[in-house]
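Since the structure comes first, as structure tokens, the remarks are kept for the end.
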Amino acid sequence: MDSRTIGVLGGGQLGRMLVEAASRLNIKVIILDTPPNAPAKQIQATQTHIHGDFKDPYKIRELSKTTDVLTVEIEHVNTEILETLMNENTVVVHPSPSTIKLIQDKYTQKIHLSKNKIPVVDFIEIPTKDDLSIAIEKFGYPLMLKSKTLAYDGRGNYLLRSEDEISNALESLGNFKIPLYAERWTSFTKELAVMVVRRANGEIKSYPVVETVQKENICHLVIAPAQINGVISEKAKDIAEKAVLTLEGAGVFGVEMFLMNDGHIYVNEIAPRPHNSGHYTIEACETSQYENHIRCILDLPLGSTALKVPAAAMINVLGKSNDLQETLRSCAESLSIPGATIHLYGKQDCKKDLPTMKPCAEILKSFDVPFELSIVSAHRTPNRM
Ligand code: ATP
Ligand code: MG
Ligand code: MG
């Protein structure tokens, strides 16, 4: 298909699914991440991956020496060295390091979006405790306090409900060691997401607008297409594409949004990479977000982003605190649902000990949406390697 080799910074589940898609196209991928058995390394286990930190400039340079195109499956990488390598012209980097850098800082990202007239909720920088008082006065309680950087899965967010919680909130967010900002609390009716794909030549396409439900800040459920009217759906797609057009570089971008009761839509944040809310595209769309990411960064023709089925759902079932048997039993039960597919991440442990999810069948039965396929269950399970 293509003789170029792709280097991926990060070896988690998104990297794993990228390697799966690349391997079908017979495209070689080299993963850079610390654990020798990182989820993405398990797929092409005979491949010489690099064991090292995706923030380590020396390791990133080493990766660039054996690859033609570098990309990321996580945004918290070292962008300075990516910039240097790009300027040295020895390797192509997608998306652009400047885009990754901009997105790494959620506050800078919000400034950028609002400058480009993309609707975002009101926000304010909180360099000191005094600024927090100003924010409280302006936005009232509850107030969403957020770390500007290093945030994921809600780590870095604190929902401040009253004055009594201020010292707890600041303590848990590192007492300004990581810079903070605040957002107005948004009482959205739904959370939406759109995966936008952009080829190196500028061509752009979007996947259907999906509905996402977070539980304890982790994506729990995705419904595709979102159960919203066509006008709202077009508007969400339009905003997502406009937002991605303000960023440089090729690849897949996950645009998270809030839908308000009155039809207003705000962009929450953008991920410059495949996104958990796009897992369903593997089985339910004509081309998965992972294959399209590869096509984008290699500047190959983009695949169709259309749904192949009337509706699809993805449930993210977290493993039960390292109890492999219990987790696998729940996976096996979900196989009894017609069209269900399971994707196991092959992670070493379950970092968050959340209560076991209800079996997928039960969760799906609770919807009044007619699903004709289709569950993609992404399970976080201990690996067997
Ligand atoms: P991710 O893992 O997606 O990168 P994150 O750690 O960057 O997440 P956010 O996306 O900022 O965190 O927030 C996580 C969730 O918290 C959102 O999906 C939404 O459910 C809720 N949330 C975030 N900001 C607000 C807000 N201003 N008002 C109401 N809810 C919010
Ligand atoms: Mg985030
Ligand atoms: Mg988010």
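The values are calculated or read from the model by the stated rules, or taken from the named source; none is laboratory data. What you are looking at is a predicted structure, and each value in this text was computed from that prediction instead of being measured. Because the Cβ atoms are built from the backbone with ideal geometry, glycine has one as well, and the counts that use them run over all protein chains shown. Remember, those area values only see protein heavy atoms, side chains included, never the ligands or the DNA or RNA. Shrake-Rupley method; radii C 1.70, N 1.55, O 1.52, S 1.80 Å.
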Checking ILE136 against (1) more than 29 Å from GLU241 (Cα to Cα); (2) surrounded by fewer than 14 Cβ atoms within 10 Å (Cβ to Cβ), which test does it fail? (2)
Residue list for segment 130-156, restricted to those being part of a strand (DSSP E or B), modelled with pLDDT of 95 or more and under 14 Å from LYS106 (Cβ atoms): MET144, LEU145, LYS146, SER147
Qualifying positions in segment 117-162 - over 18 Å from PHE176 (Cβ atoms), in contact (Cβ under 8 Å) with a residue 60 or more places away in the chain and within 11 Å of ligand 1 (Cβ to nearest atom): VAL120, VAL121, ASP122, TYR152, ASP153, GLY154
In segment 217-226, how many are away from ligand 3 (no atom under 13 Å from the Cβ) and open to solvent by 30 Å² or more (accessible area, probe 1.4 Å)? 1
Conditions (1) assigned to a helix (DSSP H, G or I); (2) open to solvent by 10 Å² or more (accessible area, probe 1.4 Å); (3) touching a residue at least 12 places away in the same chain (Cβ under 8 Å): number failed by VAL244: (2)
Considering only segment 229-241, how many residues are open to solvent by less than 10 Å² (accessible area, probe 1.4 Å) and either in contact (Cβ under 8 Å) with a residue 60 or more places away in the chain or away from ligand 3 (no atom under 15 Å from the Cβ) (or both)? 1
Scan of segment 257-277 for residues that are within 9 Å of the chain's Cα centre (by Cα) and either within 12 Å of ligand 3 (Cβ to nearest atom) or at pLDDT below 95 (or both), ordered by number: ILE270, ALA271, HIS275, ASN276, SER277
Can you pull out the residues in segment 276-289 that are surrounded by 24 or more Cβ atoms within 10 Å (Cβ to Cβ) and within 16 Å of ligand 2 (Cβ to nearest atom)? SER277, GLY278
Positions within segment 268-291 being assigned to a helix (DSSP H, G or I), touching a helix residue (DSSP H, G or I) at 6+ places or on another chain (Cβ under 8 Å) and not acidic (Asp, Glu), in sequence order: ASN276, GLY278, THR281, ILE282, GLN289, TYR290
Here is a list of conditions, (1) at pLDDT 95 or above; (2) of a type outside the set (S, T, N, Q); (3) within 16 Å of the chain's Cα centre (by Cα); (4) open to solvent by 50 Å² or more (accessible area, probe 1.4 Å), and VAL213 meets all of them except one; can you say which number that is? (1)
Answer with yes or no whether THR189 is in contact with a strand residue (DSSP E or B) (Cβ under 9 Å, 6 or more places away or on another chain) and more than 16 Å from ligand 3 (Cβ to nearest atom). yes
Residue within segment 313-325 that is modelled with pLDDT of 85 or more, under 28 Å from VAL196 (Cβ atoms) and of a type outside the set (Phe, Trp, Tyr) present: yes
Of the residues that make up segment 231-242, is at least one more than 24 Å from SER147 (Cβ to Cβ), among the hydrophobic types (A, V, I, L, M, F, W, C), more than 12 Å from ligand 1 (Cβ to nearest atom) and out of contact with any strand residue (DSSP E or B) (no Cβ under 7 Å at 6 or more places or on another chain)? yes
Hey, could you check segment 163-210 for residues that are open to solvent by less than 40 Å² (accessible area, probe 1.4 Å) and hydroxyl-bearing (Ser, Thr, Tyr) and say which is farthest from ligand 1 (Cβ to nearest atom)? SER206
